[in-house]
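Participant: Just dropping this structure here.
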Amino acid sequence: MKKIALEEHFISPGLIEYWQPTMTDVPKPIFDKIHAALTDFGDMRLASMDGAGIEKAILSVSGPGVQVEPDAARATAKAAEANDFLANVTSARPDRYLGFAHIALQDPQGAARELERCVRDLGFKGAMINGNSMGAYLDERQFDPFWAKAEELQVPIYLHPADPVQPYASFGSYKELTRATWGWGVETGTHALRMIFGGVFDRFPKALLMLGHLGETLPYLLWRFDSRAKLYGVSLKRQPSEYIKENIAVTVSGMFSAEPLNCAVAALGRSRVMFSADYPFESAAEAGHFMDDVAIDEALREDICWRNAARILNIPMQG
């Protein structure tokens, strides 16, 4: 079945300096393979897409990007440079590639301006933020101008996992629990909950947040969030679960399993779940074959594979 993939990564020359330190523990042959995939926009990437049935891929920077740049002016310039690079890629193959903006939140007003430029001038479909920005999280009031612009433009903000400000002491010596195994999910789910409990969606009720990995465990815990919010007297306009259902959409990136897929659909509704492969960190073929074969009804399969993304991101598709 044809698909739109929402979390497909690349790296531009100006952002290698931020990405490379995150790969120091990766064996060189694997590093070289990933680097080659991230910097290719031709036969290698297109063959991977074709093998998975992906008609269109929304490309985004492989983290952490400028989220870890301490100099705000340099971060802003680097982000704009990366966006111009991506615009050249997408304009060369508009039939296959779309883009998510890379945004330097170190300057919130500048971030709002760059998001508008990327959407209005470059044709991007939203933005991807790679976790906290130098220790600052998206619920903080300094980012209200950015959320106001995202709401005005009606484009989603995709929150991608990244390392926490400090390693979780509870992990101890179990390095295997960090990052993709568990730590990134904890960090990203917590970041999203900060936005909910911090009132971001009360201030900007039409804002849309996207999460990978079928929602970073949030769909599994809706009742618990509502119950504890009542217990602790949390003052919000709606129950936490309502924000998750109405202001968050999720993708299947890196979670190619029927059980969490069924949970996400049951918890959030069939209109809020979309496809992604997380190329090249996950196999596009595995992601595509999972979505083609998983035991769900065909109308739902179409919704997840492409209809929801086409509607939410305003992507013209035939059929």
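Participant: Round to a whole number: what % of the accessible area of the chain belongs to carbon and sulfur, probe 1.4 Å?
Facilitator: 55
Participant: Please give the charge dipole size of the chain, origin at the Cα centre, charges +1 on K and R Cβ atoms and -1 on D and E Cβ atoms. Round to the nearest 20 debye.
Facilitator: Roughly 740 debye, rounded to the nearest 20.
Participant: Please list, in chain and number order, the residues 5+ apart from Thr251 or on another chain whose amide H is under 5 Å from its amide H, with Hs placed from the backbone.
Facilitator: The list, which skips near neighbours in sequence, is Leu211, Gly212, His213, Leu214, Gly215, Met274.
Participant: Something else: Note down the magnitude of the dipole of the range 219-319 about its Cα centre, charges +1 on Lys and Arg C-beta and -1 on Asp and Glu C-beta and zero elsewhere, to the nearest 20 debye.
Facilitator: 760
Participant: Would you calculate a helix-derived [θ] at 222 nm for the chain, using -39,500 (n - 2.57) for each DSSP H run of n ≥ 4 and dividing by the full residue count, to the nearest 500?
Facilitator: Using -39500 (n - 2.57) per qualifying helix, the result is -12000 deg cm²/dmol.
Participant: Only Cα pairs under 8 Å and at least 6 apart count here; give the relative contact order of the chain as a rounded whole percent.
Facilitator: 19
Participant: Short version: ³J(HN,Hα) in whole Hz for each residue of the range 50-59, in order, from phi by Karplus 6.51 cos²θ - 1.76 cosθ + 1.60 (θ = phi - 60°), x for Gly and Pro, what are they?
Facilitator: Values, residue by residue: 4, x, 9, x, 8, 7, 9, 10, 8, 8 Hz.
Participant: Report, by chain and number, residues whose modeled amide H sits under 5 Å from the one on Ala101, excluding near sequence neighbours (fewer than 5 apart, same chain).
Facilitator: Hits under the 5 Å cutoff: Lys125, Gly126, Ala127, Met128.
Participant: Given that just one value was derived from the coordinates, which of (1) 74, 39, 37; (2) 55, 50, 46; (3) 53, 50, 38 is Cα extents along the principal axes in Å?
Facilitator: (2)
Participant: Could you identify which residue out of Met255, Met44, Met128 has the top mean-square fluctuation in a GNM of the chain using Cα springs shorter than 10 Å?
Facilitator: The residue that fluctuates most here is Met44.
Participant: Hey, can you find the accessible area per residue of the chain for me, probe 1.4 Å, expressed in square angstrom?
Facilitator: In whole numbers, the chain has 43 Å² accessible per residue.
Participant: Here is a follow-up. If I build a Gaussian network model for the chain, linking alpha-carbon pairs within less than 10 angstrom, which residue out of Pro94, Pro280, Pro161 has the largest mean-square fluctuation?
Facilitator: Pro94
Participant: Same structure again: Can you pull out the GluC sites (Glu not before Pro) in the range 165-272 whose DSSP state is coil and whose Cβ has at most 11 other Cβ atoms within 10 Å?
Facilitator: Answer in residue order: no site qualifies.
Participant: Using Cα centres only, tell me the gap between the range 1-42 and the range 159-233 in whole Å.
Facilitator: That distance is 25 Å.
Participant: Take every DSSP beta bridge with both residues inside the chain and express the antiparallel ones as a percent of the total, to the nearest 5.
Facilitator: That works out to approximately 5 percent antiparallel.
Participant: Hey, which aspartates and glutamates would be in cross-link range of Lys206, C-alpha to C-alpha under 12 Å, not counting anything within fewer than 8 residues on its own chain?
Facilitator: The reachable aspartates and glutamates, counting only those whose Cα sits under 12 Å from Lys206, are Glu151, Glu152, Glu246.
The values are calculated or read from the model by the stated rules, or taken from the named source; none is laboratory data. These figures come from a predicted structure and were not determined experimentally. Please note: Cβ atoms are built from the backbone with ideal geometry, for glycine as well, and neighbour counts cover all protein chains shown. The area values use the complete protein model at the heavy-atom level, side chains included, leaving out ligands, DNA and RNA. Shrake-Rupley method; radii C 1.70, N 1.55, O 1.52, S 1.80 Å.
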